[in-house]
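S.K.: One structure coming up, written as structure tokens, with questions to follow.
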Amino acid sequence: MAEHAEPAEQAESAAHAEQAEHPAYPVGLRLTGRRVVVLGGGQVAQRRLPALIAAGADIVLVSPEATPSVEAMAAAGEIGWERRPYAEGDLADTWYALIATSDAEANERASAEAERTRTWCVRSDDAGAATAWTPATGRSEGVTVAVLTGRDPRRSAAVRDAIVEGLRDGSLAAPHHRTRTPGVALVGGGPGDPDLITVRGRRLLAEADVVIADRLGPRDLLDELPPHVEVIDAAKIPYGRFMAQEAINNALIEHARAGKAVVRLKGGDPFVFGRGMEEAEALAAEGIPCTVVPGISSSISVPGAVGIPVTHRGVAHEFTVVSGHVAPDDERSLVDWQSLAKLRGTLVVLMGVDKIGAIARTLVAHGKSPDTPVALVQEGTTASQRRVDATLATVAETVRAEDVRPPAVIVIGDVVTVGPRKG
């Protein structure tokens, strides 16, 4: 004959069924300076204690023994440790309890005490008997993400990871509103492919009110911005009596002073021929906060995108990056072309398409072999990327014949012939 359940067992079963029908009510506990009791010093406590310590809780560990990591927390004074088993009354005046011992009977008694004293209690051995559940938790830039999916902890962790990763890479837009400090971020957008911007740069873009973008910045990222974001083409800022750079500086200052979060989106890296320091200095002079976010420089990434390593064992032990925006014989040039011609390594020229003929002649005149390989990579890392090869002797004519146009990165040296060729 089947035994009938005792009334207490029936009540407990009904309570569990009721809990299963209703979702847990999410709440953030503020435990600073408040008593928290942890029963058991094993792996569960080791995982949970750091977050409780970070919350500023007054933590008492009750356990005859503990893992070395938990012992270290006690030795450092981060937690108090009573080296004994659980005893009735341990949860008196306790705000929150974590029950994680290997003694099932002690866990039941502690859980019953928590119920009587109305102490929120998490149980590692029986979530259904607990009065609180620990969510899968992650943090990103001051945001705490806590996910509960009932009794499926793996799903909770997967959802948490997806949200935190989205916050970190900017694909999940969550702009600050109350605590955001107005200012300017100088963001290096990378060589052109929108996937090559840094995680921090993408996140700041997602939080911006105003974006002042260069022509060479990753344009596809602008399409992802929310409709309220004001996008300003730096090339179209009216100059009036100002020089172009002065006008850009003034626009940055004006929008930041209006209390807006401003991103100055630049191609490559802000400080590699990007005039980023001029903008940072102008902002500093006005007392405006400025954050610099480095970017992947086209001087390295664009050659790499077509299979050219700027250094290679036995071929090139150094590489030099120079600006070609002024010709070698221009009095404004700061480049020592004569010394560059004597180097055996790789020479990378940025902004030099229209001056490459003069650059090639100067290098040859100072001793560089006319047969030195040259590669021109136009619009590198984008869908329009193409590579054109030549030598110092033929590069000027090749640029004209192939109609190579800016932006293009020019690589001069034997590394051009290394590895598989990619267009």
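The values are calculated or read from the model by the stated rules, or taken from the named source; none is laboratory data. Predicted model only: the values in this text are computed from it and were never measured. Cβ placement follows ideal geometry from the backbone for every residue including glycine, while neighbour counts extend to all protein chains displayed. Heavy atoms of the whole protein, side chains included, go into the accessibility calculation; ligands, DNA and RNA do not. Shrake-Rupley method; radii C 1.70, N 1.55, O 1.52, S 1.80 Å.
S.K.: How much length would be gained if the chain were fully extended between Ala393 and Ala158, taking 0.36 nm per residue of separation minus their Cα-Cα distance, in nm to one decimal? Could the numbers behind the result be given before it?
M.R.: On the way: separation 235, 0.36 × 235 = 84.60 nm, distance 5.78 nm.
Extra length available between Ala393 and Ala158 comes to 78.8 nm.
S.K.: From zero outward in steps of 10 Å, how is the percent of C-alpha pairs of the range 345-423 spread across the bins?
M.R.: The calculated distribution, bin by bin, is 19, 58, 22, 1.
S.K.: If you take the square roots of the eigenvalues of the alpha-carbon gyration tensor of the range 264-335 and sort them as a ≥ b ≥ c, do you get rounded (a/c under 1.5), prolate (a/b over b/c) or oblate?
M.R.: On the way: a/c = 2.92, a/b = 1.54, b/c = 1.90.
Oblate shape, in that a/c is at least 1.5 and b/c is the bigger or equal ratio.
S.K.: Now for a separate question. Dipole size in debye (nearest 20) for the range 184-239 around its Cα centre, Lys and Arg Cβ +1, Asp and Glu Cβ -1?
M.R.: For the range 184-239, the charge dipole is close to 160 debye.
S.K.: Give me the percent of the accessible area of the chain that comes from carbon and sulfur atoms, probe 1.4 Å, all protein chains in place.
M.R.: Working: 12030 of 23160 Å².
Here carbon and sulfur together make up 52 percent of the probe-accessible area.
S.K.: So for the range 73-155, averaging the separation of alpha carbon pairs under 8 Å that are six or more residues apart and normalising by length, what relative contact order in percent results? Kindly include the intermediate steps, with their values, before the conclusion.
M.R.: Details: 84 pairs, mean separation 15.5, N = 83.
It comes to 19 percent, rounded to a whole number.
S.K.: Suppose accessible area is computed on protein heavy atoms with a 1.4 Å probe; arrange Arg154, Arg48, Arg421 from highest to lowest. List each step's numbers first, then the result.
M.R.: On the way: Arg154 205, Arg48 90, Arg421 145 Å².
Per-residue accessible area, sorted high to low, gives Arg154, Arg421, Arg48.
S.K.: Also, I was wondering about something else. What accessible area, in Å² to the nearest ten, does a 1.4 Å probe give for Arg215?
M.R.: 150 Å²
S.K.: Run down the lysines and flag those whose C-alpha is under 29 Å from the C-alpha of Lys368, throwing out any fewer than 8 positions away in its chain.
M.R.: Answer for Lys368, where 29 Å is the Cα cut-off: Lys342, Lys355, Lys422, listed by chain and number.
S.K.: Let me ask something else about it. From Cα pairs below 8 angstrom and at least 6 apart in sequence, can you work out the relative contact order of the chain, rounded to a whole percent?
M.R.: Working: 780 pairs, mean separation 42.1, N = 423.
Rounded, it is 10 percent for the chain.
S.K.: How high is the FRET efficiency between Asp126 and Gln43 when r is their beta carbon distance and R₀ equals 22 Å, given to the nearest 0.05? Mind showing how you got there, number by number?
M.R.: Working: r = 17 Å, r/R0 = 0.77.
According to the calculation, E is roughly 0.85.
S.K.: Over the range 224-280, with the other protein chains present, what is the accessible area per residue in square angstrom, probe 1.4 angstrom?
M.R.: Values: 3050 Å² over 57 residues.
Accessible surface, normalised per residue, equals 54 Å².
S.K.: With label points built 7 Å along Cα→Cβ from the Cα atoms of Glu108 and Met243, find their separation and express it in nm.
M.R.: If labels sit at Glu108 and Met243, their model points lie 8.3 nm apart.
S.K.: Say the dipole of the chain comes from +1 at the beta carbon of Lys and Arg and -1 at that of Asp and Glu; which of Gly89, Pro218, Gly138 then lies farthest toward its positive end?
M.R.: The residue sitting farthest along the positive end of the dipole is Pro218.
S.K.: For the range 312-358, what is the accessible area per residue in Å² when the probe is 1.4 Å? Don't jump to the answer; show the numbers that get you there.
M.R.: Values: 2810 Å² over 47 residues.
Ligands and nucleic acids excluded, the result is 60 Å² per residue.
S.K.: Dipole of the chain, Cα-centred, from +1 at each Lys and Arg C-beta and -1 at each Asp and Glu C-beta, to the nearest 20 debye? Could the numbers behind the result be given before it?
M.R.: Numbers: 44 positive and 56 negative charges, 308 e Å.
About 1480 debye.
S.K.: Using +1 at the Cβ of each Lys and Arg and -1 at the Cβ of each Asp and Glu in the range 176-326, identify which of Leu283, Ala247, His312 lies farthest towards the dipole's positive end.
M.R.: With unit charges placed on the Cβ atoms, the residue in question is Leu283.
S.K.: At R0 = 30 Å, how high is the FRET efficiency between Arg386 and Glu318 if r is their beta carbon distance? Nearest 0.05 is fine. Each step should come with its number before you reach the end.
M.R.: Numbers: r = 27 Å, r/R0 = 0.91.
Computed FRET efficiency for Arg386 and Glu318: 0.65.
S.K.: Expressed in nm to one decimal, what extension gain is obtained for the pair Arg344 and Ala87 from 0.36 nm per residue of sequence separation less their Cα-Cα distance?
M.R.: On the way: separation 257, 0.36 × 257 = 92.52 nm, distance 7.71 nm.
That works out to 84.8 nm of additional length.
S.K.: Let me ask something else about it. Largest first, please: the extent of the C-alpha atoms of the chain along each principal axis, to the nearest Å.
M.R.: 102, 53, 47
S.K.: Accessible area, 1.4 Å probe, largest first: how do Tyr25, Tyr239 sort?
M.R.: Details: Tyr25 195, Tyr239 85 Å².
Of Tyr25, Tyr239, the descending order of accessible area is Tyr25, Tyr239.
S.K.: Mind giving me the FRET efficiency for Arg215 and Asp336? R0 is 35 Å, r the Cβ-Cβ distance, nearest 0.05 is fine. Don't skip to the end; give the middle numbers.
M.R.: Values: r = 30 Å, r/R0 = 0.84.
The value I calculate is 0.75.
S.K.: Separate question: Considering only Gly357, Ser299, Ser369, whose Cα is most displaced toward the positive end of the charge dipole of the range 274-404, charges sitting on Cβ of Lys, Arg (+1) and Asp, Glu (-1)?
M.R.: In the range 274-404, that residue is Ser369.
S.K.: So for the range 311-423, averaging the separation of alpha carbon pairs under 8 Å that are six or more residues apart and normalising by length, what relative contact order in percent results?
M.R.: Details: 206 pairs, mean separation 33.4, N = 113.
Relative CO of the range 311-423 lands at 30 percent.
S.K.: Further question: About the Cα centre, and with charges only on the beta carbon of Lys, Arg (+1) and Asp, Glu (-1), how big is the dipole of the range 268-420? Nearest 20 debye, please.
M.R.: Working: 12 positive and 18 negative charges, 103 e Å.
Charge dipole, the range 268-420, about its Cα centre: 500 debye, nearest 20.
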